[in-house]
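A short write-up of the structure that comes next.
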Amino acid sequence: MLLAGGQGSRLKALTSKVAKPAVPFGGKYRIIDFPLSNCINSGIDTVGVLTQYKPMELNAYLGNGAPWDLDRSDGGVHVLPPYLGEGEKGSWYKGTANAIYQNLDFIEQYDPEYVVILSGDHIYKMDYAAMLDHHKAMEAACTISVMEVPWEEAPRFGILNVKEGDVIYEFEEKPKNPKSNLASMGIYIFTWSKLRQYLIEDEADEKSSNDFGKNIIPAMLGNGETMVAYRFQGYWKDVGTIDSLWDANMDLLDPKSGFDVYDPEWTIYTRSAVRPPHYTGPKAQVNHSITTSGCEIYGAVEESVLFHSVKIEEGATVRYSVLMPGAVVKKGAVVEYAIIAENTVIGEKAHVGESPKKGSSGKGIAVVAQDLTVGAGAVIPAEAMITKNVKGVKA
């Protein structure tokens, strides 16, 4: 069960028209490609995708699940929005646990022994089959994937405290003084008979937040259920902020990041746009960047990630930036340390973003939302969040 209904409010302008899992990533993917690819690579062929916020583009993208080999007559991918039952008043999914509760009928038609609960907005490669083997071996009611984070960052996460055998005895939500640095990744495997019981009990509690981290997991711990941690060693990033999304894109350019989308043993599947080959003009300069089908590059590109159909005109410069599908940078314009969303045009001699100043702690990424125009000669400073057309500057 893949939770993909989040608004992604911390991504601000980038999720004004789409749900966070549908945000483009890495030159040719969308964020949701990673958990979906993990599922099929792990041998999971029945996936419910729970949508809610701005679902149209995400639903269209998922289609019948064919790009991920999830177009099955028995199983496959199923889009599961909130719905109105007989005699009920309509409501959104009230929390992560309530989202699963509202789809009890969907789950039970497959009569599963185990259910995997995933988030649709993380970038990582993970074999859920290995995690399930650990869950079975430990005879657990719940297994939570964890990874060690720097101690100074631990207060930002849900922290699991464990005893011998990585058996969980305590869960702390964003503790000021954490007892461990084992952070929950929001990836759960439950024995279904147990989870079903707790979901029903939680739904009957009118004071509950209907959330796994706040309600279900503490309730199971309080009742002495066997709950274990599964330590994950690979690359994982929650791309819930502008900086983390930019970082993860830049990690694709760093062979030391541990993030390899070129691994033939673990393909990341996607619904690829049908575009002609990318083209670099006679005066183009492209250095250490990702370019994708349909790109036309006549200017200079350095340390950047370009999605399909991006056009960089002659004399334009793009540095340390992410340009999403259909973005255009006109003659003489400069884009640096920025994320330019889909189909946005940066006018001639405009300047978007700026290099981080010495001694600054943040990256200062500038963002321009999709379907906008930044007028000729306009200047967009670091950390700007542009959601409306920007007028040009008269020569």
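Observations, loosely collected:
- Efficiency of FRET from Cβ geometry, residue 302 and residue 272, R₀ 22 Å, rounded to 0.05: 0.30
- Debye, to nearest 20: dipole size of the chain, +1 on Lys, Arg Cβ, -1 on Asp, Glu Cβ: 1940 debye
- In region 97-157, taking the dipole from charged Cβ atoms about the Cα centre, the farthest positive-side position among 98, 123, 109 is held by 123.
- At full extension, residue 256 and residue 176 could sit 25.6 nm farther apart than now, given 0.36 nm per residue minus the alpha carbon distance.
- Here's how it looks for residue 158: its modeled amide H is under 5 Å from those of 174, 184, which are all 5 or more places away or on a different chain.
- Shown in residue order for region 365-378 are the 3J(HN,Hα) couplings computed by the Karplus curve 6.51 cos²θ - 1.76 cosθ + 1.60 at θ = phi - 60°: 5, 8, 10, 10, 5, 6, 6, 10, 10, 9, x, 4, x, 5 Hz (x for Gly and Pro).
- Projecting the Cα positions of 317, 288, 328 onto the charge dipole of region 267-354 (unit charges on Cβ atoms of Lys, Arg, Asp and Glu, taken about the Cα centre) puts 328 furthest along the positive direction.
- Stretch in the chain that is longest and holds no GluC sites (Glu not before Pro) that DSSP places in a loop and that have at most 12 other beta carbons within 10 Å: 266-395
- Per residue, in Å², the accessible surface of region 127-192 once ligands and nucleic acids are set aside, probe 1.4 Å: 47 Å²
- Considering only 73, 132, 3, the residue lying farthest towards the positive end of the dipole of region 1-155 is 3, judged by Cα position with unit charges set on Cβ.
- Each peptide in 17-23, 227-233 gets a packing score, the mean of other Cβ atoms within 10 Å over its residues, and the list from highest to lowest is 17-23, 227-233.
- Gyration tensor verdict on region 253-380 (Cα atoms; rounded if a/c is under 1.5, prolate if a/b is larger than b/c, oblate otherwise): oblate
- Rounded to whole Hz, the Karplus (6.51, -1.76, 1.60) HN-Hα couplings of region 167-173, x for glycine and proline: 6, 7, 10, 7, 10, 10, 8
- Global geometry of region 18-151, whether rounded, prolate or oblate, following the gyration tensor of its Cα atoms and the 1.5 cut on a/c: rounded
- Derived scalar couplings ³J(HN,Hα) [region 244-250; Karplus, 6.51 cos²θ - 1.76 cosθ + 1.60; whole Hz; x for Gly, Pro]: 5, 5, 4, 4, 5, 5, 5
- Dimensionless Rg/Rh of the chain - Kirkwood Rh, Rg from C-alpha atoms: 1.00
- Entry note, region 143-208: relative contact order of 37 percent, from Cα contacts under 8 Å with a spacing of 6+ residues.
- Scanning residues 5 or more positions from residue 280 or on other chains, those with amide H under 5 Å from its amide H are 297, with H placed 1.01 Å from N in the peptide plane.
- The stretch between residue 152 and residue 314 holds 53.8 nm of extra length on full extension. This uses 0.36 nm per residue minus the Cα-Cα distance.
- A cut-off of 5 Å between modelled amide H atoms, ignoring neighbours fewer than 5 places along the same chain, links residue 76 with 46, 47.
- Loop trypsin sites (Lys or Arg not before Pro), region 174-228, which have at most 16 other Cβ atoms in a 10 Å radius of their Cβ (DSSP): 176, 179, 207
- Student exercise, region 167-236 dipole from Lys, Arg, Asp, Glu Cβ charges, in Debye to nearest 20: 360 debye
- Pairs over the 19 Å Cα-Cα cut-off, from the set 17/363; 349/394; 174/214; 283/311; 311/349; 283/330: 17/363.
- Remark: the residue 231-residue 207 segment gains 5.4 nm on full extension, using 0.36 nm per residue and subtracting the alpha carbon distance.
- Electrostatic dipole magnitude of region 1-144 [Cβ: Lys, Arg +1; Asp, Glu -1; Cα centre; debye, to 20]: 1000 debye
- Contact order for region 174-328, expressed relative to its length and based on alpha carbon pairs under 8 Å spaced 6+ residues apart, stands at 12 percent.
The values are calculated or read from the model by the stated rules, or taken from the named source; none is laboratory data. The structure displayed is predicted, hence computed values, not measured ones. Here the Cβ is made from the backbone with ideal geometry for all residues, glycine too, and neighbour counts use every protein chain on show. Just so you know, the surface numbers come from the protein's heavy atoms only, side chains and all, with ligands and any DNA or RNA stripped out. Shrake-Rupley method; radii C 1.70, N 1.55, O 1.52, S 1.80 Å.
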